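First the structure, in the form of structure tokens, and then the observations on it.
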Amino acid sequence: MRVYRQRIRSVQATKKITRAMELIAASRVVKAQQRVKESSPYARALTRAVSAVATYSNVDHPLTTEHPTVRRAGVVIITSDRGLAGAYSSSVLKESERLAEKLRNEGKEVVPYLVGRKASGFYKFRRREYAAEWSGFSDSPTFEAAREIGERIVADFVLGHEEGGLDEVHVVFTRFVNMVTQEPEVIRLLPLEVVEGEEPPAPDDVLPLYEFEPSAEQVLDALLPKYVTARLFNCLLQSAASELAARQRAMKSATDNAEELIRKYTRLANQARQAEITQEISEIVGGASALADAK
């Protein structure tokens with residue numbers, strides 16, 4: 001009974017922690033979903049602007065030019081800083097491993113860029129090399145963090161493989177579908193494929209006429225880095241919402257398991273107590289019978 005009561009107290013303490021983490025994740029995931037929705041209008045407007053410049057100008061920009069031979073491919077892997085989120089980080093890492101194997105089979109050198117302590121720990125434990133790492137903002141990303149990552153990616157891409165740069169860049173993140181479903185996804189970030197957010201015009205719509213000042217080249221120089229940062233920021237926001245939803249689900253499962261364990265140990269403790277009472281009664285009855293026989 002003493003052992004069972006000790007285990008019950010231990011499980012109850014764990015249950016309080018998991019319940020608190022579940023409530024915190026539930027309150028924060030709503031804000032994370034709202035941030036994803038709020039970032040969509042800016043992303044759509046920026047996509048339309050970049051699409052206009054790319055469609056109505058004959059400018060070859062380094063960020064939109066396909067390399068004839070791709071030798072080095074960068075892979076941005078977005079994971080969490082903390083655990084207790086189920087299979088959230090492991091799913092992203094598995095997807096990145098599949099992507100890396102596919103790129104290597106195509107004869108490309110893979111250069112990882114790690115976001116989140118889980119990705120850093122995964123690579124450091126296996127003593128693998130990586131180009132850069134960022135952490136500390138997985139569940140609440142900022143635009144400044146996305147800008148820092150985007151500037152490093154763009155700088156490495158502009159160099160080209162001859163100078164140790166990149167020929168293409170992929171991003172592995174978790175797309176937030178709903179509170180139950182979060183799917184690991186891979187997108188190619190560079191060279192730019194401006195397809196996200198484009199909608200075919202209606203038959204009665206009048207297409208606008210575009211005029212670029214001071215020039216289409218300077219407009220692209222200003223817009224394309226912002227477009228890269230906006231897409232990275234959207235990936236970070238979706239990953240943050242997915243992480244919080246996965247943590248809420250994992251902590252709810254842990255709380256339910258703790259309640260089941262408490263019921264199990266309580267039942268076993270009651271059985272042990274009943275067995276002790278029965279044994280004591282049997283000993284008393286046996287002693288009384290022995291005394292009666294002796295008299």
Scan the range 50-83 for residues that are under 19 Å from GLY150 (Cβ atoms), touching a Phe, Trp or Tyr at 6+ places or on another chain (Cβ under 8 Å) and of a type in the set (A, V, I, L, M) and jot them down.
-> VAL50, VAL53, LEU63, VAL75, VAL76, ILE77, ILE78
May I ask you to list the residues in the range 82-114 that are among the acidic types (Asp, Glu) and either outside any strand (DSSP E or B) or surrounded by 19 or more Cβ atoms within 10 Å (Cβ to Cβ) (or both)?
-> GLU95, GLU97, GLU101, GLU106
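Mind listing whichever residues of the range 43-69 are more than 28 Å from the chain's Cα centre (by Cα) and surrounded by 14 or more Cβ atoms within 10 Å (Cβ to Cβ)?
ALA49, SER51, ALA52, VAL53, ALA54, TYR56, SER57, VAL59, HIS61, PRO62, HIS67, listed by residue number.
For (1) exposed (fewer than 10 other Cβ atoms within 10 Å of the Cβ); (2) more than 30 Å from VAL177 (Cα to Cα); (3) modelled with pLDDT of 95 or more, each residue gets a yes or a no:
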| position | (1), (2), (3) |
| --- | --- |
| CYS235 | no, no, no |
| ALA241 | no, no, no |
| ALA245 | no, no, no |
| LEU261 | no, yes, no |
| ARG273 | no, yes, no |
| ILE281 | no, yes, no |
| VAL285 | no, yes, no |
| ALA288 | no, yes, no |
| ASP293 | yes, yes, no |
Single match in PHE173, PHE157 (criterion: touching an Asp or Glu at 6+ places or on another chain (Cβ under 9 Å) and not in a strand (DSSP E or B)) | PHE157
Report yes if GLY136 is of a type in the set (Gly, Ala, Ser), in contact (Cβ under 8 Å) with a residue 24 or more places away in the chain and out of contact with any strand residue (DSSP E or B) (no Cβ under 7 Å at 6 or more places or on another chain), otherwise no.
-> yes
Output for the range 57-86, where each listed residue is among the small types (Gly, Ala, Ser), within 26 Å of THR142 (Cβ to Cβ) and in contact (Cβ under 8 Å) with a residue 60 or more places away in the chain = GLY74, SER80, ALA85, GLY86
Counting only residues in the range 116-147 that are aromatic (Phe, Trp, Tyr) and part of a helix (DSSP H, G or I), the one surrounded by the fewest Cβ atoms within 10 Å (Cβ to Cβ) is identified as PHE125
Please name all residue pairs, on different chains or six or more residues apart, with Cβ atoms under 6 Å, provided the first residue is in the range 226-251 and is among the acidic types (Asp, Glu) and the second residue is surrounded by fewer than 24 Cβ atoms within 10 Å (Cβ to Cβ).
-> GLU243/ASP139
Determine if the range 14-25 includes at least one residue that is buried (at least 18 other Cβ atoms within 10 Å of the Cβ), of a type in the set (Ser, Thr, Tyr), assigned to a helix (DSSP H, G or I) and at negative phi.
-> yes
Before we move on, is ARG147 closer than 19 Å to TYR42 by Cα, among the charged types (D, E, K, R) and modelled with pLDDT of 85 or more?
-> yes
With ARG128, ARG152 as the choices, which residue is of a type outside the set (A, V, I, L, M), within 16 Å of GLY165 (Cβ to Cβ) and out of contact with any Asp or Glu (no Cβ under 9 Å at 6 or more places or on another chain)?
-> ARG152
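The values are calculated or read from the model by the stated rules, or taken from the named source; none is laboratory data. For clarity, every value in this text was computed on a predicted model and none was experimentally measured. With ideal geometry, Cβ positions are generated from the backbone for all residues, glycine too; neighbour counts draw on all protein chains shown.
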